[in-house]
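Working notes for the structure below.
Read-outs throughout are calculated quantities, based only on the coordinates presented, and are distinct from any laboratory measurement. Treat the numbers as computed from the prediction; the structure is a model and nothing was measured. Quick reminder, even Gly has a Cβ in these numbers, built from the backbone with ideal geometry, and neighbours come from all protein chains shown.
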Ligand code: NAI
């Protein structure tokens, strides 16, 4: 049994000291671990019986690197720091050997590089992933790794952050006298490492210091230039990859200590960049999103071994694929054979596309398809543990389906709806088991998009929520909990983003200018190009419903007019732009300009010149203000959940970290001031800053 621990253990086996990190889940090198390792090495050095020291990790990983629980806090910098721990190993007068298995990343690898010898099991994942958090390795990785594995391998690993299998990093040969590992150990790692340690002692091998090695490359200058060009092309909005190249390249020309100083300065400077802050935020936000504040983490989830999907349309098919990909059998139900056949054919076509791209083998495709059972009969859903409904978005149809499910589903089965706009509590009330009902709002294409909004009804049972969050993880989604409200988190905010885009056009901007400004901000596509891609009819039908429900709903006359003309976007060859047959290039259309002009005239608007800055502020701050209200109303448990929704479901630029973090970075008092300015300028009550935003701004606090 795994015992909870956050330290490192010391024991002596024969004449070898064995130090074992023990800090589940991945042996993060937190302060207690570092303290115990330093103490262990000192104890071993002081013990005349000990001739060498082996360091390894207990459990599922050698070491995943820094302890994320300490990130950014005072403990991370408390002595002994990682630098100190490395120095103690490096300057030890007895051989220090690391025995690496499964996972060796970040600080775990940097420590290993400071040790005199390294042995590893085959298949261990070796990486310096700091670049993924917008950083460079900060404990010597940039200077030691190239000294051991050469400039090219080190640069590839450090600038990409991608893991490499231990056996690929090799053992020394005549042609290549230095390699990351001295031995790859096939059998029992600890026994192998202890035997290796005895050999080192018996042969009186000199203690190798990586820092003393020289980095050479036959064509260094050209290679470094090539690396700079490559990362610049890929890493558009992020400064860290280029810094990785520059600092690793310094190992060619600078003495070790000077290289270390450059690494430190660069690391600290990157730590302060908004891009790194955004990446670190996203990293923690994803972890936070999986926790529901009032539901204990040890809540026992229900078993999900069989899934049912109702409706084999656009969403039902994609939803089913998620489960098939995870090896979970799916029964998919339709009302007519024809619809069922169409749905199955689409799923097969999707898989065939993946096979063609070489990302899936034909055998795997067949084994996934074999897990899928089509049916027209509810009887076949009797033993499903989770049933997800994706039928037409009409409350009457949902009522029919949920009443039927209530009759046939086994006790304890979870009944989920993929509705994007309807009231999950109302849907739950169609059954006699509202505690088992929940929303699972997937995004299109459901087999591709990362986001899953888990909609918690008033009565959704805690273990139902825990189960659905676990299922989300299993099918590789980022699951974020939303309370019940119109549009849940994402679409509720999007409505206001879209409205600003429309208002800006009515006031004087062109759709092209709005799109360009938002694309410059970092979105892959501006709001009008997205609308043309997704289909303008979807928003139109929602608006028509809202206009009918509430006469005060602000109108979007240009968008409405464009839809009245049948311009639904790419699928009809025209929308906010026009499209050549079979092409996706958005071409500005004088017909749209004329519609815009007419609406302005009808509403008595004299168009004005609008700056790109105003466009970005109004579109993004609209998201921020509604996001703040969503946090205030506890629809989202935390601001970072709102960010996760936007990063994973709406293409919000990752280097900005989500709307709420972006607002934090701009400074909430600045954001509040701008909102008040727009409230005055437009007379739109929407711009009254959310109370929580004003409160945080006044207190000098942030959302995140
Ligand atoms: P769709 O029209 O492509 O598919 C609906 C399918 O349900 C059709 O194949 C239809 O034959 C079937 N169906 C209708 N009534 C049925 C019944 N009583 N029993 C069994 N099957 C029945 O619609 P789509 O786009 O897949 O949407 C489904 C649900 O997902 C809706 O609630 C929608 O709001 C929601 N949604 C849609 C998204 C999208 O981008 N299309 C995104 C997120 C949610």
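To the nearest Å, what is the center-to-center distance of the range 161-210 and the range 82-158, using C-alpha atoms only? Result: 13 Å between the Cα centres.
Highest mean first, how do 301-309, 252-260, 384-392, 354-362 rank when packing is the count of other Cβ atoms within 10 Å averaged over residues? Please list the in-between numbers first.
Numbers: 301-309: 19.9, 252-260: 15.9, 384-392: 23.3, 354-362: 11.3.
Result, highest mean first: 384-392, 301-309, 252-260, 354-362.
Using the alpha carbon gyration tensor of the range 2-270, what are the three equivalent-ellipsoid semi-axes (square root of 5 times each eigenvalue), largest first, in whole Å? Each step should come with its number before you reach the end.
Numbers: eigenvalues 171, 89, 54 Å².
The three semi-axes for the range 2-270 are 29, 21, 16 Å.
Of interest is the spacing of the C-alpha centroids, which for the range 319-342 and the range 561-589 amounts to 32 Å. Restricting the calculation to alpha carbons of the range 344-447 gives Rg and Dmax of 16.0, 47 angstrom. Counting 0.36 nm for each residue step from residue 232 to residue 336 and taking away their Cα separation leaves a gain of 32.2 nm.
Let me check I have the definition right: for the range 500-539, take the eigenvalues of the Cα gyration tensor, multiply each by 5, take square roots. What are those semi-axes in whole Å, largest first?
16, 14, 7
Could you tell me which of rounded, prolate or oblate describes the range 16-99, using a ≥ b ≥ c as the square roots of the eigenvalues of the alpha-carbon gyration tensor, with rounded for a/c under 1.5 and, failing that, prolate when a/b is larger than b/c and oblate otherwise?
Details: a/c = 2.53, a/b = 1.52, b/c = 1.66.
Oblate, because a/c is 1.5 or more while a/b does not exceed b/c.
If you take all C-alpha pairs in the range 96-229, what percent of them are over 27 Å apart? Don't jump to the answer; show the numbers that get you there.
On the way: 1584 of 8911 pairs.
That tail contains 18 percent of the Cα-Cα pairs.
The fraction of Cα-Cα pairs per 10 angstrom bin, counted from 0 for the range 168-255, comes to 13, 30, 28, 20, 9, 0 percent, rounded to whole percents. Helix 488-507 and the long axis of the chain differ in direction by around 60°, with both axes built from C-alpha atoms.
Over the range 124-200, the reciprocal of the mean inverse Cα-Cα separation, the Kirkwood hydrodynamic radius, stands at 13.6 Å.
Does anyone have the angle between helix 536-549 and the longest principal axis of the chain? Alpha-carbon axes, 0 to 90°, nearest 10? It is inclined by approximately 60 degrees.
Put in order of Cβ neighbour count within 10 Å, fewest first, the listed residues 577, 646 become 577, 646. For the pair residue 314 and residue 403, how long in nm is the line joining their label points, each one 7 Å along Cα→Cβ? Spacing of the two 7 Å Cα→Cβ label points: 2.8 nm.
Roughly speaking, what is the centre-to-centre gap between the range 463-487 and the range 597-614 when only Cα atoms are used, to the nearest Å? Each part reduced to its Cα centre gives a spacing of 42 Å.
Per residue and in cubic angstrom, what volume does the convex hull of the Cα atoms of the range 412-516 have?
Values: hull volume 11.1 nm³, N = 105.
Convex hull volume per residue, Cα atoms: 106 Å³.
In this simple spin-label model, placing a label point 7 Å from the Cα along the Cα-to-Cβ direction at both residue 349 and residue 486 gives a separation of 3.5 nm.
Which whole number in µm²/s is D for the range 307-482 by Stokes-Einstein, with the Kirkwood Rh taken over Cα pairs at 4 °C and 1.567 mPa s? Each step should come with its number before you reach the end.
On the way: Rh = 16.0 Å.
It diffuses with D of about 81 µm²/s by this estimate.
Set the Cα radius of gyration of the range 216-310 against 2.2 N^0.38 Å, with N its number of residues, and you get 1.76. The alpha carbons of the range 288-343 occupy a box of 45, 20, 20 Å along the principal axes, longest dimension given first. Helix 668-682 and the longest principal axis of the Cα set of the chain meet at an angle near 20°. Taking packing as the residue-averaged number of other Cβ atoms within 10 angstrom, the listed peptides 53-63, 536-546, 368-378 run from highest to lowest as 53-63, 536-546, 368-378. Using the alpha-carbon positions of the chain, Rg (one decimal) and Dmax (whole number) come out as 29.1, 94 Å.
Sorted largest first, the spans of the alpha carbon positions of the range 573-704 along the three principal axes are 51, 37, 24 Å.
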